[in-house]
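What follows is calculated from the coordinates using simple rules that are stated; it is not laboratory data. Just so we're clear, the structure is a prediction, and the values are computed from it rather than from any experiment. Don't worry about glycine lacking a Cβ; one is built from the backbone with ideal geometry, like all the others, and counts go over all protein chains shown.
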Amino acid sequence: MSQLADQLRKLRGNRTLYQVQQETGLPRITISRYERDENTPSINNLKKLAQYYQIDYKALRLYYYEDILTDAEERLIVLSWALKHILPKELNFTVEQLLSLSETHQSRIVQTLEYVLQDQVKSHP
């Protein structure tokens with residue numbers, strides 16, 4: 001099960017699906033599917049759930065990213081997007097370029113890019 005699904009189930013606690021439905025406007029079956037990892041909430045639905053559970057939306061969203069970023073290709077796609085928007089153009093890589101490398105080289109580049117991106121994010125609040 002995904003970290004997001006686990007967290008949503010924990011946040012609901014003893015509340016019934018009906019109670020959550022009444023407050024969020026989301027159908028019970030939809031909430032249940034999120035908690036069973038059969039569906040992923042849209043951004044709007046995740047915001048509704050975060051508001052209802054009184055948790056910062058960004059904190060809840062991080063669980064989603066933790067889930068998808070376990071897949072190497074997804075990590076490369078997200079990093080490629082981040083690079084395009086954060087780093088100077090001469091340092092940009094395309095997803096295709098990254099995927100054409102060996103797994104060892106991909107791993108090294110991902111580690112380096114994560115480090116660089118962390119520094120960039122810290123310096124551009």
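Measuring from a point 7 Å past the Cα of ASN39 along Cα-to-C-beta, which residues in the stretch 3-32 have an amide N at less than 17 Å?
Only 4-6, 8-9, 17-32 pass the distance filter.
Simple spin-label model, 7 Å along Cα-to-Cβ: LEU101 to THR70 in nm?
Going from the LEU101 label point to the THR70 one covers 2.4 nm.
Can you work out D for the stretch 1-85 in µm² s⁻¹ from Stokes-Einstein, where Rh is the Kirkwood radius over C-alpha pairs, the temperature is 25 °C and the viscosity is 0.890 mPa s?
Details: Rh = 13.5 Å.
Translational D for this selection: 182 µm²/s.
Taking the simple approach of a point 7 Å from Cα along Cα-to-Cβ for both LEU17 and MET1, what is their distance in nm?
Modelled inter-label distance: 1.3 nm.
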